[in-house]
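Trainee: Input: one structure, supplied below.
The values are calculated or read from the model by the stated rules, or taken from the named source; none is laboratory data. The structure displayed is predicted, hence computed values, not measured ones. Backbone-built Cβ (ideal geometry, glycine too); neighbour counts: all protein chains shown.
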Amino acid sequence: MDITEVPVSNDNKGKTNKYKKPKNKSVTKERNAVEPKLEEKMEASEAAFPPTFSLKLQVKKKKKKEREALGDKAPPKEVPKTIENQRVYDETTVDPEDEEIAFDEGTDEFSAYFNGLTNPKVLITTSDRPRGRTVRFCEQLATVVPNAHVYYRRGLALKKIIPQCVARNFTYLMVINEDRKMPNPTEHSPEVILNNFTTRLGHSIGRLFAALFPQDPQFVGRQVATFHNQRDFIFFRFHRYIFKNEKRVGIQELGPRFTLKLRSLQKGTFDSKFGEYEWVLKRHEMDACRRKFQL
């Protein structure tokens, strides 16, 4: 780009532009007088509140000192309100000492497992034409569940797979489905932790998850499979304990991790036409109240 400089004639040097506004000297003087005051105020505020100052932390420390000064006479701490502690009471909440619950546990589909008559044997399969991510997830899941076998359907219908599972003494059939194309057994039996399954439905789901694993956890393996229910979402994590010393214990996540949402519960083996459903999710009716949960 070429830039040319325009020369200024000597005739126009002494002339004044009549359209040019005169400078307001009083305004500039007032501004110059105000600026030092603002700077002084900013310096004073910075001195009163340093960059590391936290008002909430100071209030918290003050309340802590007051509670220590009062001792036993200190008022009880306020419990924060959450959806969990404001949960609507459910009439089906399980009481461990209820005779009806004990009778149901002795006669349901999992009674043979909990009485030690059968050992779990799980078959893991996928939907038709699974993606690589789903296949890898099934292989990882087989490392978590002892005595689990992965079988690829290759277009075979579930109605034909179920009789084969019964003939080969499989106790559970687990189908991994894909949504939007997203999807070797362990030497030691892991410990199973079931948390926050309080209702009758949640109690049944908890027994179902427990029946996937052997009843004799080998604590030498230091492996833990956790099913945690929170707001009707079931979070699964697989960890291993790491004992750093006699007082400190760490955990290491082995994977996989996933989240489950119960859609329906059917009695017996899967049957899309004549199956007896014990529970079906009705979103518009059951999810109307945010503080009412099913599990």
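Trainee: Mind listing whichever residues of the range 154-179 are basic (Lys, Arg) and within 19 Å of Leu212 (Cα to Cα)? Don't jump to the end; show me each part of the working.
Mentor: So the first thing to find is which residues in the range 154-179 are basic (Lys, Arg), and the list is 154, 159-160, 168.
Hit for the range 154-179 is Arg168, nothing else.
Trainee: Exactly one of these conditions fails for Leu123: (1) surrounded by 16 or more Cβ atoms within 10 Å (Cβ to Cβ); (2) in a loop (DSSP other than H, G, I, E, B); (3) of a type outside the set (Asp, Glu). Give me its number.
Mentor: (2)
Trainee: Condition test on Arg240, is it in contact with a helix residue (DSSP H, G or I) (Cβ under 9 Å, 6 or more places away or on another chain) and surrounded by fewer than 16 Cβ atoms within 10 Å (Cβ to Cβ)?
Mentor: Here the answer is yes, as Arg240 does meet what is asked.
Trainee: To continue, here is another question. Any chance the range 259-279 includes a residue that's closer than 21 Å to Ile83 by Cα and of a type in the set (Asp, Glu)?
Mentor: Just the residues of the range 259-279 that are closer than 21 Å to Ile83 by Cα, to begin with: 259-262.
Subsequent filtering for residues that are of a type in the set (Asp, Glu) retains none.
Within the range 259-279 (the criterion being closer than 21 Å to Ile83 by Cα and of a type in the set (Asp, Glu)), the answer is no, since none of the residues qualifies.
Trainee: Still on this model: Of the numbered conditions (1) more than 25 Å from the chain's Cα centre (by Cα); (2) over 25 Å from Pro217 (Cα atoms); (3) not in a loop (DSSP other than H, G, I, E, B), Arg133 fails exactly one; give the number of that condition.
Mentor: Single failed check for Arg133: (1).
Trainee: Further, regarding this structure: Of the conditions (1) part of a loop (DSSP other than H, G, I, E, B); (2) within 28 Å of Arg257 (Cα to Cα); (3) among the polar types (S, T, N, Q), Thr143 clears all except one; give me its number.
Mentor: Checking Thr143 against (1) part of a loop (DSSP other than H, G, I, E, B); (2) within 28 Å of Arg257 (Cα to Cα); (3) among the polar types (S, T, N, Q), the one that fails is (1).
Trainee: Residue pairs, Cβ under 6 Å, 6 or more apart or interchain, first in the range 214-237 and under 28 Å from Lys282 (Cα atoms), second at pLDDT 80 or above and assigned to a helix (DSSP H, G or I). List them.
Mentor: Phe227/Phe209
Trainee: Hey, can you tell me all the residues within the range 201-245 that are of a type in the set (Gly, Ala, Ser) and more than 22 Å from the chain's Cα centre (by Cα)?
Mentor: Ala211, Gly221
Trainee: Would you mind finding the one in Arg154, Arg133 that is of a type outside the set (Ser, Thr, Tyr), closer than 20 Å to Phe170 by Cβ and in contact with an Asp or Glu (Cβ under 9 Å, 6 or more places away or on another chain)? Give the derivation first.
Mentor: Details: Arg133 fails: closer than 20 Å to Phe170 by Cβ.
Within the list Arg154, Arg133, the selection yields Arg154.
Trainee: Between a residue in the range 148-163 that is small (Gly, Ala, Ser) and any residue that is part of a helix (DSSP H, G or I) and surrounded by 14 or more Cβ atoms within 10 Å (Cβ to Cβ), which pairs come within a Cβ distance under 6 Å, given they are 6 or more apart or on different chains?
Mentor: Close Cβ pairs satisfying both conditions: Ala148/Ala142.
Trainee: Now for a separate question. Considering each residue of the range 90-120, count those that are outside any loop (DSSP other than H, G, I, E, B), under 18 Å from Val192 (Cβ atoms) and among the hydroxyl-bearing types (Ser, Thr, Tyr), and give that number.
Mentor: Residues that pass the stated criteria total 2.
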